[in-house]
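Structure first, then comments.
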Amino acid sequence: MTSAMKSIGSALLLLVLAAGGVSLAYARWTAEAAEADTALADGQLERALAGYAAAEARFDRLPAARQLFSADYDRIVANQLWVLYRLGRYDETIDKAERAPEAAAPHFWSGCAFFEKARVEEKPEARLGWLTRAEEELRRAVEAAPGDWDTKFDFELTTRLAAELRKQPKTPPAQLMQLLRPPPASGKPARRVG
């Protein structure tokens, strides 16, 4: 073996060693996110939320890392939005979505949170206001992800419900979803089967 080959082999070995060291350091640096993922998989939503918040804070302290590892950062924020929504903390979901990166689907989550706020609102004007905000956010979510059929469905449902609610603003919250059902053609209630 020539000395040139030995030099190339040594350089490659050092490069592989450095890459391994960087990978280990990054794994330790994102350990909180990994623990949050485990808590989420175990259904421990509060613990997962705390872990994701700690991981996000670590990324926020180093903006260069947030840009370099944007996919991980976006996933951490998206998971926080999901957990906040699942916990029924709609105001926090909306606040978090206002500061979230586009890749974390913030408009989808804030639209869903506004929708849920509209579903339980007693005052007709406020209910229509929440529903209109949900419609706006879900429209933006469809624009951001035009291929996402679930988002399109939610947007269309919200748009139809808002249109019907504008026609019948005094509908009580418990009967809100019934606005989406067309009345029977015969004037008689449809017979329920099953």
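The values are calculated or read from the model by the stated rules, or taken from the named source; none is laboratory data. Just so it is clear, the structure is predicted and the values come from calculations on it, not from any experiment. As a convention, Cβ positions derive from the backbone with ideal geometry for all residues, glycine included, and neighbour counts pool all protein chains shown.
For this structure, a couple of remarks:
- Any hit, region 74-86, residues being among the hydroxyl-bearing types (Ser, Thr, Tyr) and either under 28 Å from GLU164 (Cβ atoms) or modelled with pLDDT of 95 or more (or both): yes
- Region 69-127, residues that are hydrophobic (A, V, I, L, M, F, W, C) and surrounded by fewer than 17 Cβ atoms within 10 Å (Cβ to Cβ): ALA71, LEU87, ALA103, VAL120, ALA126
- Top-ranked residue of region 128-155 - restricted to ones that are closer than 16 Å to GLU116 by Cα and acidic (Asp, Glu), ranked as surrounded by the most Cβ atoms within 10 Å (Cβ to Cβ): GLU137
- Residue within region 96-118 that is more than 18 Å from the chain's Cα centre (by Cα) and not β-branched (Val, Ile, Thr) present: yes
- Positions within region 123-158 being of a type in the set (A, V, I, L, M) and under 16 Å from ALA97 (Cβ atoms), in sequence order: ALA134, LEU138, ALA141, VAL142, ALA144, ALA145
- Every residue from region 137-161 that is in contact (Cβ under 8 Å) with a residue 12 or more places away in the chain and either touching a Gly at 6+ places or on another chain (Cβ under 8 Å) or among the basic types (Lys, Arg) (or both): GLU137, LEU138, ARG139, ARG140, ALA141, ASP154, PHE155, THR158, ARG160
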